[in-house]
There are 2 protein chains.
Amino acid sequence: MIDELSALERIRARFQKVSNSVFLGIGDDTAAVKVHPERLLLATTDSQVEDVHFIKKLISATDLARRSVAVSVSDIGAMGGIAKYFLASMGLSSQEDEAFLEELMDGFESGAKEFGLELVGGNLSSSNKIFIDITVLGEVEPQLIVKRNGAKPGDFLYVSGTLGDSALGHKLLASSKIAESDEYLIMRHKRPQPRLNLGRELAKKRLVSSMIDISDGLMLDLERISIRQGLGATIYVDRIPLSSNYKERISDFSRDIYSIALSGGEDYELLFSSAENKREEIKKVSKRLNIKITEIGKVTDKPPVRVLDRYETELKVRRKGFIHFL
Amino acid sequence: MIDELSALERIRARFQKVSNSVFLGIGDDTAAVKVHPERLLLATTDSQVEDVHFIKKLISATDLARRSVAVSVSDIGAMGGIAKYFLASMGLSSQEDEAFLEELMDGFESGAKEFGLELVGGNLSSSNKIFIDITVLGEVEPQLIVKRNGAKPGDFLYVSGTLGDSALGHKLLASSKIAESDEYLIMRHKRPQPRLNLGRELAKKRLVSSMIDISDGLMLDLERISIRQGLGATIYVDRIPLSSNYKERISDFSRDIYSIALSGGEDYELLFSSAENKREEIKKVSKRLNIKITEIGKVTDKPPVRVLDRYETELKVRRKGFIHFL
């Protein structure tokens with residue numbers, strides 16, 4: 001049995017020595033390499049595996065394919081980059097037919113259109129369980145790239161959108177108690193919206209000191225931009241942005257209204273840190289792009305990540321988010 | 001059930017309309033995109049799936065990882081390019097332990113060193129069967145890139161090395177009748193040698209009109225550089241280069257000495273076409289790099305691909321090579 005987090009740390013340690021042409025190697029959302037005097041090439045890869053990331057009967061092939069593209073594109077957005085091309089490596093079993101493949105293509109096509117990139121290559125293998133591995137290539141100007149490791153003590157922490165919808169939608173999907181009004185939460189799970197425009201805008205205006213897309217839950221991704229750099233964070237639980245649909249439905253799954261929003265994962269919202277004096281500009285970006293941005297706390301000068309209630313009492317939160325590794 | 005070849009044709013047809021920045025989209029060995037005024041970015045992806053491409057107990061994790069890198073790097077070589085970076089997306093089950101992961105890393109490291117590229121990113125997922133999906137990024141000068149579709153009627157056809165060793169090695173591995181002297185054939189299967197230097201040299205000297213690495217068997221890859229462009233080919237079966245190990249062992253598996261060499265697959269040797277007047281220069285490259293290059297026949301002006309014996313009698317050959325799709 002392999003612990004994904006410690007395994008990734010070891011891989012990182014082992015392959016961190018890279019040549020000068022590698023601007024950013026293993027360990028951030030995407031790799032960044034110098035292939036052009038004025039632009040960095042971004043490259044990121046992510047998989048969707050049957051019965052791990054999705055249950056075949058609960059998602060259409062079209063949504064599955066679009067989702068596979070969305071989660072990889074999201075990493076490009078978190079660097080402040082522009083997604084350009086993607087390659088799709090697929091493993092399909094003998095159960096899948098040509099109609100299934102056509103639907104996958106529909107999903108790739110719609111993802112390509114929606115996120116502004118092109119399918120340029122791929123591979124098709126046999127596999128007893130479906131997997132879809134997407135590699136997205138993008139680009140960003142070296143002076144605009146936003147990394148995970150730039151947060152400074154005192155920086156404010158922000159998240160886009162609302163958290164926990166996708167994880168709750170996933171629970172609803174897997175349950176047998178879906179109401180018509182649950183469509184919103186389920187769509188948030190099936191059709192995640194990577195924050196490409198927001199990430200790009202924040203980078204272009206140099207408003208953020210670090211940024212990450214929330215894929216494994218807020219708690220874990222907070223650690224990635226703070227504890228890994230020797231810093232900590234304090235966040236206020238009642239500032240966590242929740243959708244009205246989430247608030248209506250959460251009590252059927254958890255007595256703790258915030259647990260799924262804090263650790264549920266697969267939000268693909270952006271978490272970022274920003275100097276205090278950028279506050280007004282961030283509000284303007286939020287208004288102009290019509291994307292909710294919420295200030296949830298601050299970066300501190302040492303670990304841990306602390307979650308406080310409105311009375312400044314520290315809460316115990318499950319550290320790990322939604323880790324896909326068994 | 002999906003037919004891999006027809007599926008790939010449909011994917012190709014559907015995604016062939018690409019923007020001007022895409023020099024070469026789906027359908028060749030690798031994608032080529034313009035990211036730099038003087039160089040094209042090459043990107044290719046390939047998977048190794050447990051029980052499809054390998055049996056876990058028959059190959060070490062180190063060889064498996066190195067092999068995964070080798071087969072993707074091979075596609076870069078077939079374009080005349082230079083491999084630069086790779087991303088590794090892995091699916092591992094709860095049966096694999098940390099030692100297994102360390103061995104995979106050993107294989108990535110040795111492949112990286114051997115083929116001159118760097119690991120810059122990756123992903124780790126849970127999966128009930130192991131899969132390793134490698135995306136290799138490379139580069140090539142636009143004026144030197146070698147495509148699949150440049151062959152002309154009358155061009156000579158060449159292959160590097162010897163064919164069939166890997167497929168026979170695979171059969172030996174799966175059998176229980178391995179002799180000590182079979183080590184060579186088994187190594188040819190476990191540790192394929194992509195012809196990076198040869199591919200690059202042929203491209204730099206502009207000696208070839210089309211090139212492909214033989215991954216699915218000579219017959220199928222011959223079709224890819226001839227029939228798909230409306231051309232055909234005539235090859236002479238007794239010119240097919242066979243290793244002495246292959247010749248000694250083939251009779252235990254097939255009465256037809258050439259069948260596995262023609263259709264076995266996973267050779268990762270180069271198949272290329274070249275104008276008649278380049279013959280002497282090709283001999284010189286072969287000599288200088290100390291790599292066997294054999295002239296096996298000619299490109300013809302129309303399909304099919306014909307295989308002749310020494311009396312010019314046409315032989316019947318199973319069309320399909322080693323297609324991994326069930």
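Check cross-link reach from B:LYS152 to the aspartates and glutamates: straight Cα distance under 20 Å, and skip same-chain residues fewer than eight apart. Within the straight-line cut-off, B:LYS152 pairs with B:ASP28, B:ASP29, B:ASP213, B:ASP221, B:GLU223, B:GLU276, B:GLU280, B:GLU281, B:GLU295, B:ASP301. Taking a Cβ cut-off of under 10 Å around B:ALA167, the surrounding Lys, Arg, Asp and Glu residues balance to a net charge of -1, with basic ones at +1 and acidic ones at -1.
Estimated translational diffusion coefficient (Stokes-Einstein, Kirkwood radius over Cα pairs, 10 °C, 1.306 mPa s) of the range B:4-140: 100 µm² per second.
Classify the range A:160-232: rounded, prolate or oblate, from the alpha-carbon gyration tensor (a ≥ b ≥ c, eigenvalue square roots; a/c under 1.5 rounded; otherwise prolate if a/b is larger than b/c)? The shape class here is oblate.
Over the range B:133-269, what relative contact order in percent results from Cα pairs under 8 Å that are six or more residues apart?
Numbers: 170 pairs, mean separation 57.2, N = 137.
The normalised contact order for the range B:133-269 reaches 42 percent.
Taking all Cα pairs closer than 8 Å and separated by 6 or more residues, the relative contact order of chain A comes to 21 percent.
Based on alpha-carbon centroids, what's the gap between the range B:243-272 and the range A:80-156 in Å, whole number please? So the two Cα centres are separated by 38 Å. Using the Cα gyration tensor of chain A, with a ≥ b ≥ c the square roots of its eigenvalues, what is the shape: rounded (a/c below 1.5), prolate (a/b larger than b/c) or oblate (neither)? Verdict is oblate for chain A. Legend: residue pairs B:LYS147/B:LYS292; B:LYS147/B:LYS283; B:LYS204/B:LYS287, Cα-Cα distance threshold 19 Å; pairs beyond threshold, B:LYS147/B:LYS292; B:LYS147/B:LYS283.
Between the amide H of A:ASN123 and those of A:ALA88, A:SER89, A:MET90, distances stay under 5 Å, these residues lying 5 or more places away or on another chain, with hydrogens modeled in the peptide plane. Please report how far the C-alpha centroid of the range B:1-37 lies from that of the range A:1-42, rounded to the nearest whole angstrom. Taking the Cα centre of each part, the range B:1-37 and the range A:1-42 sit 27 Å apart.
Charged side chains reduced to their Cβ positions (Lys and Arg at +1, Asp and Glu at -1) give the range A:116-264 a dipole of some 260 debye around its Cα centre. Derived scalar couplings between HN and Hα for the range B:64-80 equal 4, 5, 4, 4, 4, 5, 4, 6, 7, 4, 4, 5, 5, x, 5, 9, x Hz in order, rounded to whole Hz, by the Karplus curve 6.51 cos²θ - 1.76 cosθ + 1.60 (θ = phi - 60°), x for Gly and Pro.
Please work out the FRET efficiency for the pair A:ARG310 and A:LYS247, using the Cβ-Cβ distance as r and a Förster radius of 22 Å; give the result to the nearest 0.05. So, using R0 = 22 Å, E works out to roughly 0.85. In the range A:1-127, Cα pairs under 8 Å separated by at least six residues give a relative contact order of 22 percent. Counting Cβ atoms of other protein chains within 10 Å of each residue's Cβ and taking the mean over peptide A:50-62 gives 1. Taking the range B:4-140 as the region of interest, the number of lysine pairs whose Cα atoms are within less than 22 Å, with members eight or more places apart or on different chains, is 5.
An oblate overall shape is assigned to the range A:156-315, the ratio a/c of its alpha-carbon gyration tensor axes (a ≥ b ≥ c) being 1.5 or greater and a/b not exceeding b/c.
The DSSP beta bridges internal to the range B:156-315 are antiparallel in roughly 85% of cases. Straightening the chain between A:LYS205 and A:ILE227 buys 5.3 nm, computed as 0.36 nm per residue apart minus the Cα-Cα spacing.
With a Förster radius of 41 Å applied to the C-beta separation of A:GLU102 and A:ILE178, the computed FRET efficiency comes to 0.90. Mean-square fluctuations from a GNM of chain B, with a 10 angstrom spring cutoff on Cα atoms, peak among B:GLY122, B:GLY297, B:GLY217 at B:GLY122.
Remark on A:VAL305: its backbone amide H falls under 5 Å from those of A:ALA233, a criterion applied only to residues 5 or more positions apart or on other chains, H modelled at 1.01 Å from N.
Across peptide B:84-95, the average count of Cβ atoms from other chains found within 10 Å of a residue's Cβ is 6. Distance between the modelled labels on B:GLU295 and B:SER110, one decimal in nanometres: 3.9 nm (7 Å Cα→Cβ projection).
Most simply put, the range A:86-232 has about 45% antiparallel DSSP beta bridges, counting only bridges with both residues inside it. Applied to the range A:246-254, the Karplus parametrisation 6.51 cos²θ - 1.76 cosθ + 1.60 on θ = phi - 60° returns per-residue 3J(HN,Hα) values of 4, 5, 5, 9, 4, 5, 6, 10, 8 Hz, with x for Gly and Pro.
Mind grabbing the base-10 log of I(q)/I(0) for the protein assembly as shown at q = 0.09, 0.11, 0.12 Å⁻¹? Debye formula, identical points on the C-alpha positions, no solvent, two decimal places. Rounded to two decimals, the profile gives -0.74, -1.05, -1.22. Listed by Cβ neighbour count within 10 Å, with the fewest neighbours leading, B:ASP63, A:ASP267, A:ASP97 appear as A:ASP97, B:ASP63, A:ASP267. For chain A, the antiparallel share of DSSP beta bridges with both residues in that region comes to about 75%.
Each of B:ILE282, B:LEU185, B:PRO303 was scored by the projection of its Cα onto the charge dipole of the range B:156-315, and the greatest displacement toward the positive side belongs to B:ILE282; charges sit on the C-beta of Lys, Arg, Asp and Glu. According to the Kirkwood relation over distinct C-alpha pairs, the hydrodynamic radius of the range B:67-135 is 12.5 Å. With R₀ fixed at 30 Å, the C-beta to C-beta distance from A:ARG14 to B:SER94 puts the FRET efficiency at about 0.85.
The numbers here are math on the coordinates, done by the rules we state, and not lab data. Computed from a predicted model, the values in this text were never measured in an experiment. So basically every Cβ, Gly included, is an ideal-geometry build from the backbone, and we count neighbours across all protein chains shown.
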